[in-house]
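Inspection log for the structure reproduced underneath, given as structure tokens.
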Amino acid sequence: MLWSKAFCRCPVLVLSLWFCVEAVPIAVDKTKVETPEQELEAPQSVDTGLHYDRYLREVIDFLEKDQHFREKLHNTDMEDIKQGKLAKELDFVGHHVRTKLDELKRQEVNRLRTLIKAKQDVEGGHGMLALLMQFEYMNHMNPHTFEVEDLDKLIKSATSDLENYDKDRHEEFKRYEMMKEHKRKEHLKNLDEEQRKDEEQHYEELRKKHANHPKINHPGSQDQLKEVWKESDGLDPNDFDPKTFFKLHDNNGDGYIDQQELEALFTKELEKMYSPNLEEDDMTEMEEERLRMREHVMNEVDTNKDRLVSLDEFLISTNKKEFQEPDSWETLEQAPAYTDEEMKLFEEQLAQEESNLKQKNVELQKQKEELERQQEQLDAQKAELQQAVEQMQIIKFEKANAAVEVKGQYKLPSVITSSIID
């Protein structure tokens, strides 16, 4: 994809890491493939992990269907893209694409409004527009049409968010590991001495089982790639050829190995350490190991820091001593995700959060009791009012009966007189 290539060649603009997954023959030049205007199919790109992922992918995929925009993208300098000049080319894309982009934006605005409305129903808070403004990847003042400003905001937001994506994932994993250890310790506190001893012994046994795996090849080394060449590609390791290997694993044929294509190369190594069917293996840790491997290879091979591996970069790396004689790979169990100090701070934060929750619970309990007291007062007032109403009705009824009796007494002489006359 041209969009993907252009963004990937800039260290800052890294959107392409997520869009280059469509498998096509290596010899195909996608810049010469024209798509009929009426065939606007849904995108099939990989998930970026961003909360506006689908909107981002659909916008990019539909823009790439416009020949004018595709040509401009191919010839636009990265600095011009960062300065928003590419976004201005939106004014020249075909009407059918603009119409589709308008529709995509309306759908995204409606999606955000639905989410915000649900949040407001639960939490209350600010008005709809004020909350929409928190989402900086589109212009909310115009919710109906997709304009130049929308494309500019989308590029800048996605660039910034994707830059921090790996860092955020590492932090999430660190918190995951610390929480797992915290729960284990809390569980031990609730056991008697004998049970605690058995649990600790079982824990150590699981750790040893997990550590007892075949040798892990250094990611990106000759041994590691030869194993992929043999096990995944079905080829003789003695015939290993770096250039052929690169082409085999450049799945979309764009001349680069992107992050997803690179991570796929580590599957065989990860299978040596992790199995979803074994108690001692944690699949969340497996994905963190995959991320560590990918980052390591990128740091070693990606010399221009565009977060893609070109053929030249790959071939140069295969001539280095580190490729043929690498150091041993330090796995997660050898490189803990957190320090003792970080764990201590984490537990202090948890304790503070628990204290805050308890305080909040006390306050809520007081509010509940106050509401119950007020309800009792209202019930008592209601009962008094009902009793007063009933008393008034009784008095009214008695007065009405008394009036009837008086009236009857007053008319009796007339009746008697009439009878005498008759």
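The values are calculated or read from the model by the stated rules, or taken from the named source; none is laboratory data. Bear in mind the structure is a predicted one, so any value in this text is a computation, not a measurement. Cβ placement follows ideal geometry from the backbone for every residue including glycine, while neighbour counts extend to all protein chains displayed. Keep in mind that these areas ignore ligands, DNA and RNA; they rest on the heavy atoms of the full protein, side chains included. Shrake-Rupley method; radii C 1.70, N 1.55, O 1.52, S 1.80 Å.
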Diffing the range 219-230: the Karplus 3J(HN,Hα) column from phi (6.51, -1.76, 1.60, θ = phi - 60°), in whole Hz with x for Gly and Pro, holds x, x, 7, 4, 4, 5, 6, 5, 5, 5, 4, 7
To the nearest Å², the heavy-atom accessible area per residue of the range 223-342 with 1.4 Å probe amounts to 51
Checked the range 49-95 with the C-alpha gyration tensor, a ≥ b ≥ c its square-rooted eigenvalues, rounded below a/c of 1.5, otherwise prolate if a/b is larger than b/c and oblate if not; verdict oblate
Taking protein heavy atoms only, a 1.4 Å probe, and rounding to whole percent, the accessible area of the range 227-319 owed to carbon and sulfur comes out at 46
With +1 on the Cβ of every Lys and Arg and -1 on the Cβ of every Asp and Glu, the dipole magnitude of the range 165-324 about its Cα centre, in debye rounded to the nearest 20, is 340
Applying the gyration tensor rule to the Cα atoms of the range 72-120 (axes a ≥ b ≥ c; rounded if a/c under 1.5, else prolate if a/b exceeds b/c, else oblate), the class is oblate
Karplus ³J(HN,Hα) for the range 54-64 (6.51 cos²θ - 1.76 cosθ + 1.60, θ = phi - 60°; Hz, whole; x = Gly/Pro) runs 4, 4, 4, 5, 5, 4, 5, 5, 6, 5, 5
XL table 117/366; 185/344; 105/167; 268/321; Cα-Cα > 21 Å flagged, in table order, is 117/366; 105/167; 268/321
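Classify the range 136-252 as rounded, prolate or oblate, taking a ≥ b ≥ c as the square roots of the eigenvalues of its Cα gyration tensor: rounded when a/c is under 1.5, otherwise prolate if a/b is larger than b/c and oblate if not. Kindly include the intermediate steps, with their values, before the conclusion.
On the way: a/c = 4.55, a/b = 1.20, b/c = 3.80.
Oblate.
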Most packed first (mean Cβ within 10 Å per residue), the peptides 376-387, 276-287 order as 276-287, 376-387
For 167-177, 301-311, ranked highest to lowest by mean beta-carbon neighbours within 10 Å, the order is 301-311, 167-177
Of 95-108, 333-346, ordering from highest average Cβ density within 10 Å down gives 95-108, 333-346
Spelling it out for residue 329: with amide H atoms placed in the peptide plane at 1.01 Å from N, the residues 5 or more places away or on another chain with amide H under 5 Å from its amide H are 218
